[in-house]
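Read through the structure below, which is laid out as structure tokens, and then see the notes.
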Amino acid sequence: MSFRKPFKAVPIKLGPYYRAKQRKARRRSLLAAVGLLAGASVVGGVLGAGSVALPSITAPTRGDRVSGCTATDGDTIRCGNERIRLVGIDAPELPGHCRKGRHCTPGDPYAATTSLRKAIAGSVHIERVGTDHYGRTIAAVSNNDGDLSCMQLRNRNAIYVARWDNDERIVRTCPYQIRIR
């Protein structure tokens, strides 16, 4: 007779805590792969067997100028694989994106998205300040005309949210465009 416990199914873990753990695990495996390739390159160079090309990392580092970004909505852009949320503002949500029970910003979401799309048509400068609970990068993004958060506030395509303004960056950059909800 066996006294083993029967197999018990474990539910899949969801939520921001577990997503953060998964991101850290992916980051560690990526760093291990890059380290392995770098080691192979050094060994190959020492032995004269040629070198192994290191993969190019597409995510720009802090304070980069990038081009080819697209606007997801009035306050979020995508540059390569990185999703970037503009610091300190909240733009109107596209239809179907406002969760039930949430007070969403009023206004025209299509005008906000179009305005941001035109502003990022050339190259933009990205200065990262953190990440949000969705895994997006929070950043101050600017083009040749100035800060894009300030531009969205000036064009009335977004509202200022003080708790999202890291280090009061928007208050210092464009204090006259701020409309508090």
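The values are calculated or read from the model by the stated rules, or taken from the named source; none is laboratory data. Since the structure is predicted, the reported quantities are computational estimates derived from the model, not experimental observations. Neighbour counts run over all protein chains shown; Cβ positions are idealised from the backbone, glycine included. These accessible areas exclude ligands, DNA and RNA; they are computed on the full protein's heavy atoms, side chains included. Shrake-Rupley method; radii C 1.70, N 1.55, O 1.52, S 1.80 Å.
Scanning the stretch 124-156 for residues that are closer than 28 Å to Arg23 by Cα and among the small types (Gly, Ala, Ser) gives Gly130, Gly135, Ala139, Ala140, Ser142, Ser149.
Taking the stretch 75-181 as the region of interest, the strands (runs of 3 or more DSSP E) fully inside it that hold 1 or more residues being polar (S, T, N, Q) and in contact (Cβ under 8 Å) with a residue 60 or more places away in the chain are 76-79. Which residue is modelled with the lowest pLDDT, if the candidates are limited to the stretch 59-74 and must be part of a loop (DSSP other than H, G, I, E, B) and either open to solvent by less than 20 Å² (accessible area, probe 1.4 Å) or in contact with a Leu (Cβ under 8 Å, 6 or more places away or on another chain) (or both)? Once the filter is applied, the top-ranked residue is Gly74. Could you go through the stretch 128-138 and let me know if any residue there is surrounded by 15 or more Cβ atoms within 10 Å (Cβ to Cβ), modelled with pLDDT of 90 or more and touching a helix residue (DSSP H, G or I) at 6+ places or on another chain (Cβ under 9 Å). Yes, that holds for at least one residue.
Got a sec? Which of Cys174, Cys150 is over 12 Å from Ala91 (Cβ atoms), buried (at least 18 other Cβ atoms within 10 Å of the Cβ) and at pLDDT 90 or above? Give the derivation first.
On the way: Cys174 fails: at pLDDT 90 or above.
Result of the check over Cys174, Cys150: Cys150.
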